[in-house]
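Just below is one structure, and these are the notes that go with it.
The values are calculated or read from the model by the stated rules, or taken from the named source; none is laboratory data. All of these numbers come straight from a predicted model, not from anything done at the bench. Counting neighbours? That spans all protein chains shown, and the Cβs are built from the backbone with ideal geometry, glycine included.
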Amino acid sequence: MNKSGENNRSVRNTKKKLLTGLLSLMHQKTISSITVRELTELVDVNRGTFYFHYTDIYDMVSKVEEDFFQNFNEIMDQMINNTPVKGKPPEVLVKIFIICAENREFCEIMLGPNGDAAFVDRIKNIVNEKSSEMWKSVGANMSQEVYEYFNAFIINGYIGLLQKWLKTGCKQTPEEMAVFAARVIIPAVKNSIELNEQIRNI
């Protein structure tokens with residue numbers, strides 16, 4: 001292996017150690033209560049090495065979040081481009097559960113009491129934006145009022161479902177959870193469209 005490859009592996013290993021330590025501390029306390037000193041001492045990494053990669057704990061959390069949201073955004077973009085297959089849950093639902101399972105500890109903490117409220121808000125905003133585009137693409141002509149109620153119900157319910165699944169150890173497969181979510185979401189879409197028509201006809 002060349003020098004560059006060795007350096008890249010060393011950087012990855014260092015960042016992995018720091019992330020493991022950060023998640024361990026976040027099980028016990030909020031982000032604002034964690035110091036660089038206790039993190040680096042916990043994982044036996046020099047503080048100078050930490051500051052080479054991050055400016056502070058918040059910067060580290062922000063960069064980890066960016067990696068997660070890059071993948072999350074790519075998955076949500078598929079919501080518009082993929083046509084659902086009859087008899088199967090939407091592929092996007094499966095992939096959301098998969099990415100959360102792959103980042104289980106991080107997602108469980110960030111969606112939990114010691115997590116980052118901005119992380120949850122960002123998920124909501126992304127889903128809200130992409131959902132709006134999807135409903136327009138399939139011709140769901142909801143009024144703004146009905147759409148806002150509908151989206152609040154779906155998004156908060158979906159996040160609650162993710163939280164419960166992560167907290168209980170991801171016992172069901174992503175596919176099983178996607179089927180369950182689809183059984184809730186699809187009837188909700190139909191009912192919301194019908195409700196919108198009833199309101200318009202009053």
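Please work out which residue is nearest to E102 (Cα to Cα), limiting yourself to the stretch 41-67 and to residues that are assigned to a helix (DSSP H, G or I) and touching a Lys or Arg at 6+ places or on another chain (Cβ under 8 Å). Write out each step before concluding.
Taking the stretch 41-67 and keeping what is assigned to a helix (DSSP H, G or I), we get 41-43, 47-53, 57-67.
Add one more test, that the residue is touching a Lys or Arg at 6+ places or on another chain (Cβ under 8 Å), and what stays is 43, 47, 53, 65.
On the way: V43: 22, R47: 28, H53: 23, E65: 14 Å.
Per the criteria, the residue is E65.
Do the conditions hold for T20, that is, is it under 24 Å from the mean Cα position of the chain (by Cα) and either outside the structural domain of P113 (by TED's automatic domain parsing) or at negative phi (or both)?
For T20, the condition - under 24 Å from the mean Cα position of the chain (by Cα) and either outside the structural domain of P113 (by TED's automatic domain parsing) or at negative phi (or both) - is met.
Which is assigned by TED's automatic domain parsing to the domain that holds T168, at pLDDT 90 or above and either polar (S, T, N, Q) or assigned to a loop (DSSP other than H, G, I, E, B) (or both), of Q70, Q78?
Values: Q78 fails: at pLDDT 90 or above.
Being assigned by TED's automatic domain parsing to the domain that holds T168, at pLDDT 90 or above and either polar (S, T, N, Q) or assigned to a loop (DSSP other than H, G, I, E, B) (or both) holds for just one of Q70, Q78, which is Q70.
Can you confirm whether E38 is in contact (Cβ under 8 Å) with a residue 12 or more places away in the chain, acidic (D, E) and assigned to a helix (DSSP H, G or I)?
yes
Identify the residue in the stretch 10-35 that is among the hydrophobic types (A, V, I, L, M, F, W, C) and more than 22 Å from A117 (Cβ to Cβ) and, among all such residues, is modelled with the lowest pLDDT.
V11
What pairs come out if I take residues in the stretch 101-114 that are outside the structural domain of L25 (by TED's automatic domain parsing) and pair them with residues that are of a type in the set (V, I, T) whose C-beta lies under 7 Å away, six or more apart or interchain?
F106/V64; L111/V120; L111/I159; N114/T30
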